[in-house]
Amino acid sequence: MFSKKTRPTTEPESFLSKTFVISENCFDFGPLLIKKDPEKRQEEAVKKTNSYEFQITNNGKYKLDVAFTLKSTLPQDEGGNGEPSPFILEPETMTLDINSTQNLTVYAFPDQAKLFKDEIICLIKDNPNPVIFNIQCLGAQPVVNIDQEIVEFDRLILGSKLTKKLGLKNTCAIPIQWNLQGCEELPEEFKVSKTSGVLKPCKEE
């Protein structure tokens, strides 16, 4: 239901979220925070972020028994890669009456900051031709760069004021919530105007 003809070529616009890219023939979950617990996938907040429901419809003339599997889980001689997949399929089987629709929930839980690709293979009983859906997600780890290690002030006349800026830049693919710790321990001569905030991908503040 959410699709784009092509992927934007520049960041952060190229970081799509739960979008089917027609030119790539692939459904992209987009960037997701790494190392979330798959065992918590039934929690509403986790399900909203890390899952998508594919509508599977039987538009044929006969009742269908369907099974779903991931290409990565197949033996290597059948195309599997032997590596754990971040994707989970629920349910793995379904029976579809004529003109009926059921939802296949696909979860994505990347454990590394890299791009994961896989294929959902839909096996239809008594049909030798499987239906295949390409899927991918980008594991993202929060990273913020600062433009200077030390904020150094020059000598000041008593009673005068000088302001210095510390630049923060989000260099990952997901929004980052940040905060400064230890500000309350600074001498009273120092005041910090902003101690927390949210940084969007590839943005500075």
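The values are calculated or read from the model by the stated rules, or taken from the named source; none is laboratory data. What you are looking at is a predicted structure, and each value in this text was computed from that prediction instead of being measured. Methodologically, a virtual Cβ is constructed for each residue, glycine included, from the backbone with ideal geometry; neighbour enumeration extends over all protein chains shown.
Overview of values
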{"item": "Leading residue by the ranking (surrounded by the fewest Cβ atoms within 10 Å (Cβ to Cβ)) among those in the stretch 1-27 that are on the phi < 0 side of the Ramachandran plot and of a type in the set (D, E, K, R)", "result": "Lys5"}
{"item": "Selection count, the stretch 28-69, where residues are part of a helix (DSSP H, G or I) and either buried (at least 17 other Cβ atoms within 10 Å of the Cβ) or of a type outside the set (Asp, Glu) (or both)", "result": "8"}
{"item": "Total residues in the stretch 168-205, condition hydrophobic (A, V, I, L, M, F, W, C) and either in the same structural domain as Ile34 (by TED's automatic domain parsing) or assigned to a loop (DSSP other than H, G, I, E, B) (or both)", "result": "8"}
